[in-house]
Amino acid sequence: MEIIYSAAPLYAVLVSLVAIIPIYLSRSNPNLRESWTILAAVAKFFIVLSMVPTVLGGKEIYFKLATAYPGIDIAFKVDSLGLFFALTASFLWILTSFYSIGYVRALKEHAQTRYFICFAGSLSVTMGAAFSANLFTMYIFYEALTLFTYPLIAHEENEEAFRGARIYLIYLLGTSIAFLLPAILFTYFTAGTMDFRLGGIFGDTGGIHSLFFAVIFAFYIAGIAKAGIMPFHSWLPNAMVAPTPVSSLLHAVAVVKMGVFVVLRVILYVFGVDLLKEIGAGAFLAAFACVTIVVSSLIAMRQDNIKARLAYSTISQLSYIVVGAALLSPSGIKASIMHITIHAFSKISLFFWAGAVYVALHKKYISQISGIAKKMPVSMAVFTIGALSLIGIPPLSGFISKYYFVTGAVEAGMLPVAVVFAVSSFLNALYFLPIIYTAYMKPLDAGMDDKVTEAPLAMLIPMCVTAGVAVLLFFFPQVLTNFTDIIVAGLFAE
Amino acid sequence: MIDFIAAKYNYLICVCLMMIGFYAVIAKQNLMKKIIGLSIFQTSVFLFYISMAKVTDGTAPIVWEGAVRYDNPLPHVLILTAIVVSVSTTAVAIALMINIYKAYGTIEDSKIREIEAGESGGSVSR
Amino acid sequence: MNLAVNFPALLVTVPLIFVPVIPLLGLINRKICWYAAVLAITASFAMIMTILAKVSTEGPISYHLGNWAPPIGIEYRIDMLNAFVLAVISFISLVSLLFGKELVEKEVPEYKHPAFYSVFILFVVGMTGMTVTGDLFNVYVFLEITSLSGYALIATSKKRYAPMASFNYLVIGTLAATFIVLGIGYLYMVTGTLNMADLAERIKPLNGSSVVLTAYALILMGILIKMAVFPLHLWLPDAYTYSPSAVSAAMAATSTKVGAYVLIRLMFSVFDIEYHVGSVPITGIIIFFASLSIVMGSVIAIAQTNIKKMLAYSSVGQIGYILLAAAMVNAEALTGGVMHIFSHALMKGGLFFVVGLIVYNIGSERISDFAGIGRRMPFTAAAFTIFSLSIIGIPLTVGFVSKWYLVLGAISSGHWYAIGVILLSSLLTAIYFGKVIFVMYFKGGHDDHGHAPAAKLSEPMGMVIPMAFVAFLCIYFGIFATFPVELAAKAAEAVLGGVTWK
């Protein structure tokens, strides 16, 4: 693998971090402040984009920032997996920024400057994690993201928000200190390195009991609570107290996606497929994640709060990604990486819709949105596309990943997993379709006639773009497969 | 047993003294008595040093005619230093005690605690 | 004759000369005292840095006081470990002096200032002496100098209970010192020497001797009291709570660390390490108490409503890390431990100063009264947050560095439960510091729209700058930790290898 030394990944990380300064300085002028946000978002996206040709050409970009401790570097490496994640996140940040502006202005939110600062910070550290060259660097960004998103979740500054934010902090910080950190240290101690390498870093594992690796692997999975695998999932519904754009950031762009991204990194780049097959950890993880898929879908059906239902849906969808990777088969891994993006676009559409509903009606419950489709046709169309995509109906992008998931399960010879996918699609339909039914078929609540209007344009446009992408990815899957092929080719080379 | 006591009586005395001092420090409520106990405690260690410097048939470590052996002078010197330390400790302790008396009007440990507990609603942790 | 050769002695004697001079200067003008004190510590600090540079390149220095050869004369011996500790002590003392000027003016009655600075210098002299010396009895003498000046410093506070807190500390401290001197006596009895290097040689054939074991037990006991390890910590919370903030900061940052240094020195350089790993499970016992200290210190800290008490109990927990590191007996852990001497000094010193400033402004030490500080004293609150994150052990802070090496050491020596203890305590630390940060930023002080009705409180430049500096160091050395880590690793190697010392 040819390696190019360039500071581009550093710029991608720094651009939004630096943007914090002008955002803070122009706090008294909202228009100027928001233009900085947009500017940073666009700049970040183009920096990330500029690295695409290099990576798709089969090269990697490396940049060493500093030597933290003797032998341990803070370094960035851009490979296809990281770049893939970074592209998704940075593109969605542009949309979310526009959407946020519409949202906070429509609701006249307080502390808007803090909000945009933390938003920019979150994106920076997300990039950092995407481009991390080793476990150490990734751990730093993983923790930093928790801290940056805390003020966003506590944004409302009422009891409920503090409670949610506290649970969020305790879960994420607690698990990462208690499990992830020791796992990393054990890895470092055993492998003598923390640099990611496709296919695993442990090298010759002779003489070490497989149980040892199984335990470390379990520590990793438990430590990465951001991936929302049960039983470490309940921070996610609790974090729903945050403003809707933040939820979309949490669910589609940064936090949970960083979780599954780290899981993928650990599976593919730390342990490697062969080692995991040898110790049988893949099937074990798959079983856990399958339980999460089904159980959280069942819980989602019972939620009346829109965002809570979406949150449980996210938990279930995240486990798709984990299962896909845990299958340890080419198609499964392919599907799981693709699903990061596909789920991101589909789910962010749903959250954008939830925010639009909140701005328009100030309603949070499914039972309160009867008949709004007539008044908010565009928003509802966006929701319908997102929901159908997640259920996995062609011609929407969700179908593609689901197709690969099932193929992967068959390849790996784990037919029960394929059954879980099928059942879960059915459950998805069960919890999404009632919303569509309520909005389209039921009559509008009395007295709502003249109050309900479509959301502001700043919100509508991003929504349409995300929904549009969710459709387009079905027709142009090569956008995704270009990246996944490199990874899979590297993994199953021999 | 008797032999043991006879041979090591100096150390046993030191230990006894030490425990007496220790007891006073722990058990006495009066701060002055605590200081006295502390002094006894320290002094017992000084005696320990001095007695171990004794060499059988040794004489004072001064060069003089007819001396066969000398006692070890080093512990004496050390203890000279330690005595200075001990005196300073006592001085500081007494100075503190005077300040305590000025602040509380008593040098009984238990009474001071009562006063403190009364003032801060019983939240003095000890 | 080259002056630099005499630096090992001068770094103690130069500040010592200032001790009687400062009160005299105070007769002329009380304002000069502070400058004189700064001058004294700066001189000592400069010498220590020269020595540190020299030791790290040329190896240990042995200095014979009065040109008397070691076993008879007193020897000052500096290897990487004490050079490192010396640098930390004098650096922190210097910063506390610079930082503490305003606090001292506020918390100590003015007529006491000359005496205060004089005793403060004596306190630092005692600690540097303890660290630099290679003679066991000298350690005792300097220990008592440190302690006595420490008692006096605590009592300078205006608080009513201060003399009582100091008195209790005096009683316990004197008992501890007497235990140590008794232990030294035992060692002298069987070996006939007080020089540590010489002692190490002569102890070897005595492996298994009950006298040596008793001596070890007595000295260990004394040091553990001085370090305030859990069941022996009772003097510490009151002492830190009732003393002036500048004193709490300096003491919390340095004095227990010196105790830790002496312990490490004795464990590794004097007593044969095989001895206490092998025949008697001394390291096992120390690990137990260290773990107990870490967990209990944190647990009790959670329950505190008084901020200074909370920090004090947190110190009890943090000192446990250093003890743990020493007892695990391997290079990584000891690197972590030595590193923690440095990082904890930075963080805890900083915390006490920040808290001192806040407490002075709002006139209360109750955590619940800190509401709205985040807006009323933005710089101070930000510094507090940085120090707290560091002490919790969030990556990119200096606290994380030492924890990293500690856990690595625990893994490599197979002390599994120590890993659990360290991580558990990180979580507990996160709880009690998180509570304070939450109160500062999210409680009170503003209405629903985020405007700050409460007036800003004063944050004098003289304090903000040192505070920002220390906070900056906390982060800087968290990211670019190579420099201190390499020094700490060399220090660990120096004592573990045993070659350089003997």
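Miscellaneous remarks
- Qualifying residue in the stretch C:144-151 (condition: at pLDDT 90 or above and hydrophobic (A, V, I, L, M, F, W, C)): yes
- The stretch A:1-53: number of residues that are of a type in the set (S, T, Y), closer than 20 Å to A:S90 by Cβ and part of a helix (DSSP H, G or I): 5
- B:L96 being in a helix (DSSP H, G or I) and either within 12 Å of chain C (Cβ to nearest Cβ) or under 23 Å from C:N138 (Cβ atoms) (or both): yes
- Annotation note: of C:I89, C:I74, the sole residue that is of a type in the set (V, I, T) and closer than 14 Å to C:T131 by Cβ is C:I89.
- Test set (1) more than 10 Å from chain B (Cβ to nearest Cβ); (2) without any contact (Cβ under 8 Å) to a residue 40 or more places away in the chain; (3) closer than 22 Å to B:K28 by Cβ; (4) not aromatic (F, W, Y) - C:T191 fails condition number: (3)
- Residue list for the stretch C:364-389, filter: surrounded by fewer than 23 Cβ atoms within 10 Å (Cβ to Cβ), among the polar types (S, T, N, Q) and at pLDDT 85 or above: C:T385
- Test: A:Y69 is out of contact with any Gly (no Cβ under 7 Å at 6 or more places or on another chain), within 14 Å of chain C (Cβ to nearest Cβ) and either surrounded by fewer than 19 Cβ atoms within 10 Å (Cβ to Cβ) or among the aromatic types (F, W, Y) (or both): yes
- Sole exception among (1) in contact (Cβ under 8 Å) with a residue 60 or more places away in the chain; (2) over 17 Å from A:V256 (Cβ atoms); (3) hydroxyl-bearing (S, T, Y) for A:Y139, by number: (1)
- Test: residue in the stretch B:24-38 that is in contact with a strand residue (DSSP E or B) (Cβ under 8 Å, 6 or more places away or on another chain) and not hydrophobic (A, V, I, L, M, F, W, C): yes
- Which numbered condition B:W64 misses (of (1) farther than 24 Å from C:F137 by Cα; (2) of a type in the set (F, W, Y); (3) part of a helix (DSSP H, G or I)): (3)
- Residue in the stretch A:33-48 that is of a type in the set (K, R), within 14 Å of another protein chain (Cβ to nearest Cβ) and either without any contact (Cβ under 8 Å) to a residue 12 or more places away in the chain or within 16 Å of A:A129 (Cα to Cα) (or both) present: no
- Scanning the stretch A:60-103 for residues that are among the hydrophobic types (A, V, I, L, M, F, W, C), over 30 Å from C:M339 (Cβ atoms) and not in a helix (DSSP H, G or I) turns up A:I61, A:V78.
- Single match in C:V132, C:V190, C:V141, C:V229 (criterion: over 30 Å from C:V295 (Cβ atoms), at pLDDT 85 or above, of a type in the set (V, I, T) and crowded, with 24+ Cβ neighbours inside 10 Å): C:V132
- Residue in the stretch A:302-311 that is in contact with a Leu (Cβ under 9 Å, 6 or more places away or on another chain) and surrounded by fewer than 24 Cβ atoms within 10 Å (Cβ to Cβ) present: yes
- Taken together, C:G173, C:G222 contain a single residue that is in contact (Cβ under 8 Å) with a residue 24 or more places away in the chain, away from chain B (no Cβ under 11 Å) and not in a loop (DSSP other than H, G, I, E, B), which is C:G222.
- Restricting the stretch A:183-199 to residues that are under 24 Å from the mean Cα position of the chain (by Cα) and either within 19 Å of C:S426 (Cβ to Cβ) or not basic (K, R) (or both), the residue that is nearest to the other protein chains (Cβ to nearest Cβ): A:I184
- Single condition B:E108 does not satisfy, out of (1) more than 8 Å from chain C (Cβ to nearest Cβ); (2) farther than 30 Å from C:G185 by Cβ; (3) acidic (D, E); (4) more than 22 Å from the chain's Cα centre (by Cα): (4)
- Number of positions in the stretch C:390-405 that are facing chain A (nearest Cβ under 10 Å) and touching a residue at least 40 places away in the same chain (Cβ under 8 Å): 8
- In the stretch C:150-170, the qualifying residues are those that are out of contact with any Ser or Thr (no Cβ under 9 Å at 6 or more places or on another chain) and more than 7 Å from chain B (Cβ to nearest Cβ), and the one that is surrounded by the fewest Cβ atoms within 10 Å (Cβ to Cβ) is C:K158.
- Test result for B:L47, at the interface with another protein chain (Cβ under 9 Å from one of its Cβ atoms) and touching a residue at least 24 places away in the same chain (Cβ under 8 Å): no
Here's the yes/no breakdown for (1) crowded, with 23+ Cβ neighbours inside 10 Å; (2) closer than 20 Å to A:P22 by Cα; (3) in contact with a strand residue (DSSP E or B) (Cβ under 8 Å, 6 or more places away or on another chain):
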{"position": "A:G102", "(1), (2), (3)": "yes, no, no"}
{"position": "A:A111", "(1), (2), (3)": "no, yes, no"}
{"position": "A:T126", "(1), (2), (3)": "yes, no, no"}
{"position": "A:A144", "(1), (2), (3)": "no, no, no"}
{"position": "A:E156", "(1), (2), (3)": "no, no, no"}
{"position": "A:A165", "(1), (2), (3)": "yes, no, no"}
{"position": "A:I177", "(1), (2), (3)": "yes, no, no"}
{"position": "A:L181", "(1), (2), (3)": "yes, no, no"}
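- All conditions in (1) modelled with pLDDT under 85; (2) over 28 Å from A:G128 (Cβ atoms); (3) of a type outside the set (D, E, K, R) hold for C:I479, with the sole exception of (2).
- Candidate set from the stretch C:272-305 (those that are outside any helix (DSSP H, G or I) and over 23 Å from the mean Cα position of the chain (by Cα)); member that is modelled with the highest pLDDT: C:T305
- Scoring C:R376 on the criteria (1) of a type in the set (K, R); (2) more than 14 Å from every other protein chain (Cβ to nearest Cβ); (3) touching a Ser or Thr at 6+ places or on another chain (Cβ under 7 Å) leaves a single failure, condition (3).
- Residues in the stretch A:218-252 that are within 25 Å of A:G282 (Cβ to Cβ), part of a helix (DSSP H, G or I) and among the hydrophobic types (A, V, I, L, M, F, W, C): A:A218, A:F219, A:I221, A:A222, A:A225, A:A227, A:L236.
- The stretch A:6-32, residues that are in contact (Cβ under 8 Å) with a residue 40 or more places away in the chain, out of contact with any Lys or Arg (no Cβ under 7 Å at 6 or more places or on another chain) and small (G, A, S): A:S6, A:A7, A:A8, A:A19
- With respect to being within 10 Å of another protein chain (Cβ to nearest Cβ) and either of a type in the set (S, T, N, Q) or more than 12 Å from the chain's Cα centre (by Cα) (or both), B:S86 fits the description.
- Filter result (in a helix (DSSP H, G or I) and at the interface with chain C (Cβ under 10 Å from one of its Cβ atoms)) within the stretch A:151-174: A:P151, A:A161, A:F162, A:A165, A:R166, A:L169, A:I170, A:L173, A:G174
The values are calculated or read from the model by the stated rules, or taken from the named source; none is laboratory data. Keep in mind that what you see is a predicted model, and the values were worked out from it rather than measured. Methodologically, a virtual Cβ is constructed for each residue, glycine included, from the backbone with ideal geometry; neighbour enumeration extends over all protein chains shown.
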